Amino acid sequence: MLNRILGWSRAAKRLVVVGLDVCLGLMAMWLAFTLRLETPHWPEGLQWLAYALAPALAFPVFAKLGLYRAIFRYTGINALITTGKAVALYGALLLGCLLVAQWEGVPRSVGILQPLLFMLLVGASRALGWLALAGRSRHAPYRLLIYGAGSAGAQTAAGLGNTRQYLLQGFVDDDPAKVGRSINGVRVHAPWDLPEVVRRQGITDVLLALPSTTRERRRQIIESLHELPVRIRTLPGLSDLASGRVTVTDFQDLEIEDLLGREPVAPDPGLLGRNLAGTVVLVTGAGGSIGSELCRQILREGPRQLLLVDHSEYALYAIHHELRALVPHGSAPDALVPLLASITDPERMADICRHYRPGSIYHAAAYKHVPMVEANAGEGVLNNVFGTLNMVRVALAHGASHFVLVSTDKAVRPTNVMGATKRVAEMVLQAVAASPRPPFGPSGDAPAGPWICPTRLSMVRFGNVLGSSGSVIPLFREQIAAGGPVTVTHPDVTRYFMTIAEAAQLVLQAGAMAEGGDVFLLDMGDPIQILDLAQRMVTLSGLTVRDARHPEGDIEIVFTGLRPGEKLYEELLIADNPLPTDHPRILRAREEYRPWDELQGLLHALHQAARGGDAAAMARLLHQLVPGYHRERPQALP
């Protein structure tokens with residue numbers, strides 16, 4: 001019956017509520033007369049005018065104050081306050097009319113009694129409607145605890161009362177003063193009681209309503225929930241609670257930063273914008289994971305012009321469309337310039353730099369997926385090595401003051417073509433920065449004294465980026481949502497991880513600290529075991545891992561074996577000689593490289609081999625160029 005009523009049109013529902021209020025107004029009038037005359041009442045004579053006056057006054061007042069636009073299932077304290085205001089205004093009008101009219105047989109006290117009774121009846125009708133609709137949630141598929149009994153938790157609970165997906169079973173809070181008390185009839189539990197509460201009440205989800213807590217405390221709470229068979233969700237923030245209503249679409253999976261296992265590295269504001277404010281900045285690979293985040297952060301620092309370079313039309317369109325909304329009002333029309341171009345086209349890149357004269361270049365364009373580059377080694381070499389060489393060439397030719405290469409931990413003792421090409425790209429920057437004479441152009445152009453590279457060339461090395469297109473995090477989430485299995489290459493594989501924001505900030509700060517030929521890297525703490533990460537994501541989704549010890553589990557983890565060129569462990573340093581920088585968590589390394597005079601001959605041969613598709617020659621030259629490069633033999637699964 002209730003579902004049938006909810007299926008009515010909005011006009012039909014509104015008509016029913018108006019009819020109900022008319023009936024309640026007449027009932028309140030009858031009760032007022034009965035109480036005043038102290039006997040059951042039947043209207044006579046002019047008393048009928050009082051009965052007619054009640055709905056005639058109530059309807060326009062209620063309509064004007066929006067009572068017939070309200071939705072019963074969202075009835076709350078604000079709606080009841082509005083109802084009280086409407087009835088008070090109506091009562092004042094009714095009393096005024098009765099005092100002026102002086103109808104025979106109509107006591108003036110009815111003008112006070114009837115509005116009071118009417119307010120009780122109308123308020124009760126709204127409350128009963130809300131209870132009837134809220135009762136439908138008793139069969140909700142998800143049983144929820146809210147971790148956090150503060151204002152965010154209370155607002156969330158108020159909104160959840162209107163949903164059919166979740167049935168709120170309680171709050172959890174660290175504050176001993178709140179434990180044992182209740183919020184709107186819902187009990188607040190202590191954190192140490194969680195296992196028992198989850199078991200006894202069949203909890204399926206825990207919602208973190210802690211928008212202002214520290215990242216460290218969030219991680220401690222998540223760790224404490226790790227072994228419980230519940231899915232952990234989070235709120236996007238207090239701004240999303242402003243409406244006072246929360247639906248299932250407002251809930252999110254845990255933020256990627258919550259999976260990091262360490263506190264994100266805070267940027268140094270002084271370093272972050274040192275080379276950006278009021279300058280022309282160029283970002284290659286602007287549509288990629290790192291490039292797009294670089295563009296967002298650069299735009300916040302107020303560059304005079306930001307040049308977005310990408311060879312993917314859609315990626316360039318997407319980031320340009322997004323950033324246009326972030327450009328400060330009143331900026332020049334050409335403050336944001338999308339440039340469809342490939343870094344492997346030296347003429348096109350030279351034209352761009354000749355026309356716009358960028359002061360800082362952030363080179364994020366690269367082929368980075370290990371198996372893809374392994375299967376297309378020639379394209380990987382041309383893009384990662386010679387695309388970088390092209391960019392260095394045009395940076396020097398057109399007066400860029402800073403050039404930063406986005407590199408990878410896979411460049412350290414590489415076991416795959418992608419890592420080897422990135423290490424060669426690093427060596428190009430190191431060799432050019434240290435060259436005693438101009439590396440490009442006739443030797444006769446060299447000045448009499450020692451030549452100093454006019455562009456500060458530097459490179460930034462970091463590990464896997466959480467949430468990027470190449471990260472395992474999105475893949476694991478898709479696999480978990482599909483019911484598994486979750487695929488891990490090897491039980492012992494480990495990786496360093498950082499957030500996209502950390503990676504972009506590291507690149508920008510490194511550019512500000514560059515002296516020439518620097519290799520920068522982030523102190524990323526301990527590496528994370530991928531198997532642990534997969535298990536953690538399964539359990540935090542409220543599911544269990546299916547294995548030999550738990551055959552009844554939900555999600556199976558399958559080991560697929562290392563891919564071609566993949567290794568078990570990644571490193572950030574070739575030599576063990578990191579030096580401190582102006583940022584306490586950023587290190588500088590000066591690693592061995594080949595002088596430019598020696599390097600350029602090998603680069604020429606590598607270019608010929610890549611253009612000709614000679615895989616054997618490319619492999620031989622990469623081995624010759626990069627000490628320590630060797631193909632990793634796949635590890636046998638235990």
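Just so you know, all these numbers are worked out from the coordinates, no wet-lab data involved. All of these numbers come straight from a predicted model, not from anything done at the bench. Neighbour counts run over all protein chains shown; Cβ positions are idealised from the backbone, glycine included.
Brief remarks follow.
- Measuring r between the beta carbons of V100 and A56 and using R0 = 22 Å, the FRET efficiency lands at 0.90.
- Under the Debye formula (equal points on every Cα, no solvent term), log10 I(q)/I(0) of segment 278-375 at q = 0.10, 0.11 Å⁻¹: -0.25, -0.31
- Once backbone amide H atoms are built at 1.01 Å from N, R274 has no partners under 5 Å, excluding neighbours fewer than 5 places away on the same chain.
- FRET efficiency for S109 and A12, using Cβ-Cβ distance with R0 set to 41 Å, rounded to 0.05: 0.60
- Net length available on complete extension from L340 to H623 is 98.5 nm, with 0.36 nm assigned per residue and the Cα-Cα distance removed.
- At most 12 other Cβ within 10 Å, DSSP loop - GluC sites (Glu not before Pro), segment 458-557: E515, E552
- Using 0.36 nm per residue and subtracting the Cα-Cα separation, the extra length available between L116 and D547 on full extension is 148.5 nm.
- For segment 165-208, the pair-distance distribution built from all alpha carbon pairs, in bins 5 Å wide starting at 0, is 5, 23, 33, 28, 10, 1, 0 percent.
- Length gained when the stretch L128-R611 is fully extended (0.36 nm per residue, less Cα-Cα span): 166.1 nm
- Under the combined filter of DSSP loop state and at most 13 neighbouring Cβ atoms within 10 Å, segment 517-560 retains these trypsin sites (Lys or Arg not before Pro): R549.
- What the phi angles of segment 505-515 give under the Karplus curve with 6.51, -1.76 and 1.60, with θ = phi - 60°, is a coupling list of 5, 4, 4, 5, 5, 5, x, 6, 9, 5, 10 Hz, glycine and proline written as x.
- With θ taken as phi - 60° and the Karplus curve 6.51 cos²θ - 1.76 cosθ + 1.60 applied, the whole-hertz 3J(HN,Hα) list for segment 545-561 is 7, 8, 8, 4, 7, 10, x, 8, x, 8, 10, 8, 9, 10, 8, 9, x Hz, x standing for glycine and proline.
- C-alpha center-to-center spacing [segment 179-219, segment 380-436] in angstrom: 51
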